[in-house]
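Right, one structure below, let's go through it.
Taken together, the values in this text are just the output of simple stated rules run on the coordinates, not laboratory data. Just so we're clear, the structure is a prediction, and the values are computed from it rather than from any experiment. Cβ: placed from backbone, ideal geometry, glycine included. Neighbour counts: every protein chain shown.
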Amino acid sequence: PEHSIDLINVAFQKGSNYNTPDRKTGLESYEELKKLRPDRTWNFLEINVTIEELEEQRKKRIRHLIHPLNSILDDSLGCALWFASRGNTGEYETPARVLLVGMGADELFGGYTRHRAALKKSGWLGLHNSLNEDWQNIPHRNLARDDRVVSDHGRQLRTPYLDENVVEYVRNLNCWEKTYPSDKLPAGVGDKILLRALAYYLGLRGSTTFKKRALQFGSRIANNKENGHDVSPRL
């Protein structure tokens, strides 16, 4: 194939480095993809965001784009996605006009810790209800905000997991056919098990067992001591 693929990885400054959890797993996945498809050209874009630039762009642009949402979670995700979709390392800027994102995977395949809690407390029916509630919340919780943030750079979002055929198929599966977020299994095994099995089948051996980590924590923009639902004091 003649077209290269840019893998965009964003990290926020902590101290004097950008050694975030997502940077580590991103590089490991990058190496795995190169071995799996050596005929492709893979570019790993390290988007490193300084504290000063984060504060500047949040005040200048991002807070207006995520409005009327104003929670700490919206602030963190909006900033992370804005810098990622800008796609500029300082030395290279992606020419891509379309960005593929994994939105919807956790809601469809049971990737959140609350899904594990629902299964433990209320069984499969409780997990079913939790998945359904998360699915109903996607439009107003994520889609409009993320579309505005990405469009600010003249790019478009593509969400493969929200494809109508994918959604119809997965939502018609029983819970136990697509996820098993049980305490009997370690993190990175039971949750989103159908996706992990598919990735393994396609040849991705290492990344199939990565522990699920939210973008705001994997990129280290968020403080896990804060409540994500509180109003952000930084907006």
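Per residue, the average separation of C-alpha pairs within less than 8 Å and at least 6 apart gives segment 89-235 a relative contact order of 27 percent.
Along segment 222-228 the Karplus relation, 6.51 cos²θ - 1.76 cosθ + 1.60 evaluated at θ = phi - 60°, assigns HN-Hα couplings of 9, 9, 5, 8, 8, 8, x Hz to successive residues, with x for each Gly and Pro.
Our estimate of slack between Glu177 and Glu55, defined as 0.36 nm per intervening residue step minus the Cα-Cα distance, is 39.5 nm.
By DSSP, the beta bridges lying fully in the chain are antiparallel in about 20 percent of cases. Give me the net charge of Thr113's neighbourhood, meaning all other residues with Cβ under 13 Å from the Cβ of Thr113; Lys, Arg count +1, Asp, Glu -1. So the surrounding residues net to +4.
Placing pseudo-labels 7 Å out from each Cα toward the beta carbon at Ser16 and Ser4 gives an inter-label distance of 3.1 nm.
Near Ser71, the amide H atoms lying under 5 Å from its own belong to Ser232; only residues 5 or more places off or on other chains count, and H is placed 1.01 Å from N.
In terms of its C-alpha gyration tensor, segment 150-209 comes out prolate, because a/c is 1.5 or above and the ratio a/b outweighs b/c.
Shape analysis of the chain places it in the oblate category; the axes a ≥ b ≥ c from the Cα gyration tensor give an a/c of at least 1.5, with a/b not above b/c. Taking a ≥ b ≥ c as the square roots of the eigenvalues of the Cα gyration tensor, an a/c ratio of 1.5 or more together with a/b no larger than b/c marks segment 8-148 as oblate.
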